[in-house]
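The values are calculated or read from the model by the stated rules, or taken from the named source; none is laboratory data. Only a predicted model underlies this, so the values are computations on that prediction, with no experimental measurement involved. Glycine gets a Cβ as well: all are built from the backbone with ideal geometry, and neighbour counts include every protein chain shown. Accessible surface areas use protein heavy atoms only, side chains included; no ligands, DNA or RNA. Shrake-Rupley method; radii C 1.70, N 1.55, O 1.52, S 1.80 Å.
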Amino acid sequence: MKRRTFVAAAASLPAVNILSGTARAQSKEIRMIESGGASGDSIEKGYIEPLFKKTGIKVVRENPSSLGKLRALVESGQTTTTLFELGSGIILQAKKLGLIEKVDWAAVNPAEMFPEAKNEYGFGYQYFSTIMAWRKGVKEPKSFAEFFDTKAFPGKRCLPDFPHYCLPFALQAAGVPIDKLFPLDVDLAFKKLNEIKKDVAVWWKAGAQPPQLMKDNEVQYSICWSGRVVGDPAFGLNFAGGKADLSFIAIVKGSSPENKAAAYKLFHEMSLPENQAKAAEVISYTGPSPNLDALLPKDKLWQFPTSKQNKAVQYFENAEWWADNGEAVNKKWEAFKLSL
């Protein structure tokens, strides 16, 4: 779903940095593991390059990221990787497993941020959305109730093979408003999916599948990641009822004070709206500044997850609910898949 990098810290010629009122040595090179692809490139352009210009601190990126890789790093006792990209659900698991450090937000001294991005254990640096999309030329749904109405909106569907994506959209189709989705009524959601399953041609596992299937006219409607379809004239799309989620950058457990000091400098750069605008030039996902809209192209505001018009009509992923209930829901999902 994303991209990440590997940040090792070479403690060469430490500089002095004032953080939280105390002088600390600061590494001049750290390593990051991120998810790769355009997302990683956006980190480079938006945040790493400005950091280097201002401070001389280098950030070495590697990818991809996974919880298993993070766990192996910590359990091996390595101290070379400082930063690690994690999804909103995975960061909860990493916290429970003791794999990441608390963020010293006073040391970061961030510019204004959306509150959900300012996590105790990570910096929410990039919003992404899961939305409805369709092949240009077909009848255009305005809600998930219409998306699930295969009589009024005929055509094959492509849905994600992941319950945490499908179930909240099914509930919207059943009439549940986005501010009442959680706790999820799992049985009602599966009832709605059973009504549409005969019209689902593909249950996708890779984000590249939905746009290609729509271009090939094998399906006409999809639930997919917004970054895969925005700006492509082959598709129509709608953020209404979509799922907004965050990717976080966390500090690996056991990182040295010098490496953490350098990491906080990067976090500060990530909080600046002007840097987030640079990152958004690389990929149509956006950072956590409430003041970002003014710096984005006005004719492209409709493409971005956090633009006021889009953030207001989406729900935000409830990672805590999934952490508590995900295992039981996954068992029901597997049983549902056997019925297809």
Just for segment 113-140: of the residues that are basic (Lys, Arg) and assigned to a strand (DSSP E or B), which one is surrounded by the most Cβ atoms within 10 Å (Cβ to Cβ)?
Arg135
Filtering segment 32-44 down to residues that are in a helix (DSSP H, G or I) and open to solvent by less than 40 Å² (accessible area, probe 1.4 Å) yields Ser39, Gly40, Ser42, Ile43
Any residue in segment 19-36 that's within 17 Å of Glu62 (Cβ to Cβ) and of a type in the set (A, V, I, L, M): show its pairings with residues that are at pLDDT below 80 and not in a strand (DSSP E or B) at Cβ separation under 7 Å, as long as the two are six or more apart or on different chains.
Met32/Thr5; Met32/Phe6; Ile33/Thr5; Ile33/Phe6
Being assigned to a helix (DSSP H, G or I), assigned by TED's automatic domain parsing to the domain that holds Asn318 and open to solvent by less than 20 Å² (accessible area, probe 1.4 Å), is that true of even one residue in segment 153-165?
yes
Total residues in segment 264-290, condition part of a helix (DSSP H, G or I) and of a type outside the set (A, V, I, L, M, F, W, C)
10
Just checking, which of Ala240, Ala206 is free of Cβ contacts under 8 Å to residues at least 24 places away in the same chain and either in contact with a Pro (Cβ under 8 Å, 6 or more places away or on another chain) or among the aliphatic types (A, V, I, L, M) (or both)?
Ala206
Which of the following residues is free of Cβ contacts under 8 Å to residues at least 12 places away in the same chain, more than 20 Å from Leu340 (Cβ to Cβ), surrounded by fewer than 21 Cβ atoms within 10 Å (Cβ to Cβ) and of a type outside the set (Val, Ile, Thr): Pro183, Pro211, Pro233, Pro177?
Pro177
Filtering helices (runs of 4 or more DSSP H) wholly in segment 45-96 for at least 1 residues that are of a type in the set (Ser, Thr, Tyr) and modelled with pLDDT of 95 or more gives 49-55
Being farther than 26 Å from Asn63 by Cβ, in a helix (DSSP H, G or I) and within 22 Å of the chain's Cα centre (by Cα), is that true of even one residue in segment 234-257?
no
Within segment 291-314, residues assigned to a loop (DSSP other than H, G, I, E, B) and more than 13 Å from Ala280 (Cα to Cα) come out as Asn291, Ala312, Val313, Gln314
